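Notes to accompany the following structure.
The values are calculated or read from the model by the stated rules, or taken from the named source; none is laboratory data. For clarity, every value in this text was computed on a predicted model and none was experimentally measured. Ideal geometry is used to build each Cβ from the backbone, glycine not excepted, and the neighbour counts take in all protein chains shown. SASA here: full protein model, heavy atoms, side chains in, ligands and nucleic acids out. Shrake-Rupley method; radii C 1.70, N 1.55, O 1.52, S 1.80 Å.
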Amino acid sequence: MTRRLICIGGGELKDRETLEIDRYIAEEAKKAAGDRRACGLFIPTASHDCMPYYNTFHKVYTGLFDIKTDVALIVNREVDLEKLRGKIEKSDFIYVGGGNTVYMIDRWKETGLVPLLREAYERGKILCGLSAGAICWFERMYSDSVVEGEYTMYDGLGWIKGKISPHYDERMLDFDEIVLYNNFRAWGIENKAALEFRNEEPIATIGEGKVWLLDSTDGTTVRKTEWKADQA
């Protein structure tokens, strides 16, 4: 099975800012579903299970793309892992919403959701997400999840090698300083842009925003390259 991950740097779902990316996800989900009506599972853990966020997801994916949706709620409640497993198995893609990334990963680990997501990923289920839902899969991620407004690097799940910042067009100067200070390579994904990985390798960009590769391993400057699919 091909392992698939679509990382969206940012943009307001409710304002249709990521519509080109959402359309691509919907099309891929329909291919996976075949003759069935495609289904998308929304995971809003990072927003503390914000139901208006799920309602927006539903309006976009059902209202515009005729995809059935469901939601996985795991905040402030007992979690039934078998029920969650059933929701995951019925879905053709899993969409992880934005919010507090560190809280989300901790809650996933507490509840046992991480192994279920890993199983789905290994079976070729399309995993995608925006902001927190884009960066949580990486080894290290740039976030202000612990103290709002204070950005630093945190450990992610480590499924994808490397470091990453979402909303790169908003955080460029600060993240460039982090990259330069630590002499490493990293991804910067702008709002309205997505980077798709297959089997942990980048294969395509989606959307009107840009995806950047940053490199400061020479210790003197940050070299930036806009990543294109022909570099895969």
## Note on the structure
Sole miss for A204 among (1) open to solvent by less than 30 Å² (accessible area, probe 1.4 Å); (2) in a helix (DSSP H, G or I) is condition (2)
### Task
For the range 191-198, indicate whether the set of residues that are within 26 Å of L13 (Cβ to Cβ), touching a His at 6+ places or on another chain (Cβ under 8 Å) and crowded, with 19+ Cβ neighbours inside 10 Å is non-empty.
yes
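Using the structure shown, decide if D80 is farther than 13 Å from M104 by Cα and in contact with a Ser or Thr (Cβ under 9 Å, 6 or more places away or on another chain).
no
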### Query
Which of the residues that make up the range 161-184 are under 16 Å from E196 (Cα atoms), touching a residue at least 40 places away in the same chain (Cβ under 8 Å) and either open to solvent by 60 Å² or more (accessible area, probe 1.4 Å) or part of a strand (DSSP E or B) (or both)?
I164
### Message
I need a count of the residues in the range 1-20 that are assigned to a loop (DSSP other than H, G, I, E, B) and among the β-branched types (V, I, T).
### Response
2
### Query
Quick one: in the range 106-149, which of the residues that are of a type in the set (D, E) and within 19 Å of L84 (Cβ to Cβ) is most open to solvent (accessible area, probe 1.4 Å)?
E110
### Query
Would you call E28 surrounded by fewer than 16 Cβ atoms within 10 Å (Cβ to Cβ) and out of contact with any Leu (no Cβ under 6 Å at 6 or more places or on another chain)?
no
## Note on the structure
Residue set G158, G188; condition small (G, A, S), touching a strand residue (DSSP E or B) at 6+ places or on another chain (Cβ under 6 Å) and open to solvent by 30 Å² or more (accessible area, probe 1.4 Å); output residue G158
### Query
So S91 clears everything in (1) in contact with a strand residue (DSSP E or B) (Cβ under 7 Å, 6 or more places away or on another chain); (2) without any contact (Cβ under 8 Å) to a residue 40 or more places away in the chain except one condition, right? Which one?
(2)
